[in-house]
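> Could you have a look at this structure, given as structure tokens, before my questions?
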Amino acid sequence: MSNARHKQFTNESTQLLRSSWHIRLLLAETGLEYEDVVVTGQEFARWKNSLPLPYLPIWEEEGLTLVQPLCILKHIARESRNVLKEARGMYGSTLQEAAHCDMLSEYCEKIVADFWNADFMQRNLHGLELEKKKDDYTENTLVPQMSDLCLMLSGNKCPHLVGARISFVDIQLFALLEAINKEIPLLLPSFPLLSAFHKTISNRPKIRTFCLSDKRY
């Protein structure tokens, strides 16, 4: 995997940064070697038709080119078995755990989509209108979703969403909580279980080092 390349915009599209944040975190945690290649819009336009689908981010390794963030995330989770010396890498310890990872991963993706598409995230809103939209979204959408996540965490009886070891879906949830905490900083502390989970992941040495580096975004 040392010749793998993860390509993405880093200076032209905020949306692309959002979509690859959890990939960068997972790469940091797994320790997989990769080259982070920044491409401009003009460069991408020249070779996008040679891709399986014309989208960023892209993951390249010998004999394989992938697009779509969740696909890349899951591939890296499986490939991490070679580095971590775990049979299934960061994709659960059993087939049942892998299935639960998939289920929770899809739910996290739904929360992410709801979050970035929420009315209050439209940058043309200001003042009281912005705060009202944010409060409505938080109360009617985000709080119930975070309650669901708390239920899943409490049911596992471990500091992770699935099984006894960290998995890619833990990284996915951590990335989501980072985004929520940035936009709605008073919400996470009101969910002690999620707050403790966030602290646990943020204190992992490789995650902490990455978050303090210039690769964070």
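> Looking only at the range 174-203, filter to residues that are hydrophobic (A, V, I, L, M, F, W, C) and touching a Ser or Thr at 6+ places or on another chain (Cβ under 9 Å); which one of those is nearest to HIS100 (Cα to Cα)?
Looking at the filtered set, the residue picked out is PHE174.
> Could you pull out the residue among LYS206, LYS182 that is surrounded by 13 or more Cβ atoms within 10 Å (Cβ to Cβ) and of a type in the set (Lys, Arg)?
Exactly one residue qualifies, and that residue is LYS206.
> For the range 73-84, does any single residue satisfy the condition of being surrounded by 12 or more Cβ atoms within 10 Å (Cβ to Cβ), in contact with a helix residue (DSSP H, G or I) (Cβ under 7 Å, 6 or more places away or on another chain) and not hydrophobic (A, V, I, L, M, F, W, C)?
yes
> Just to verify a result, which residue in the range 25-47, among those that are in contact with a strand residue (DSSP E or B) (Cβ under 8 Å, 6 or more places away or on another chain) and surrounded by 19 or more Cβ atoms within 10 Å (Cβ to Cβ), is modelled with the highest pLDDT?
The residue in question is LEU27.
> Among the helices (runs of 4 or more DSSP H) confined wholly to the range 28-92, which include 3 or more residues that are in the same structural domain as GLU106 (by TED's automatic domain parsing) and without any contact (Cβ under 8 Å) to a residue 24 or more places away in the chain?
none
> Residue under question is VAL112, and the condition is that it be under 23 Å from ALA98 (Cβ atoms), buried (at least 17 other Cβ atoms within 10 Å of the Cβ) and modelled with pLDDT under 95; does it hold?
Against the criterion (under 23 Å from ALA98 (Cβ atoms), buried (at least 17 other Cβ atoms within 10 Å of the Cβ) and modelled with pLDDT under 95), VAL112 qualifies.
> Let me ask something else about it. On the given criteria, is GLU183 among the acidic types (Asp, Glu) and closer than 28 Å to GLN68 by Cα?
Judged against the criteria, GLU183 is a match.
> Continuing with the same structure: Going residue by residue through the range 194-210, is there one that turns out to be out of contact with any Lys or Arg (no Cβ under 7 Å at 6 or more places or on another chain), closer than 26 Å to GLN68 by Cβ, among the β-branched types (Val, Ile, Thr) and in contact (Cβ under 8 Å) with a residue 24 or more places away in the chain?
Taking every residue of the range 194-210 in turn, at least one turns out to be out of contact with any Lys or Arg (no Cβ under 7 Å at 6 or more places or on another chain), closer than 26 Å to GLN68 by Cβ, among the β-branched types (Val, Ile, Thr) and in contact (Cβ under 8 Å) with a residue 24 or more places away in the chain.
The values are calculated or read from the model by the stated rules, or taken from the named source; none is laboratory data. All values derive from a computational prediction rather than experimental measurement. Please note: Cβ atoms are built from the backbone with ideal geometry, for glycine as well, and neighbour counts cover all protein chains shown.
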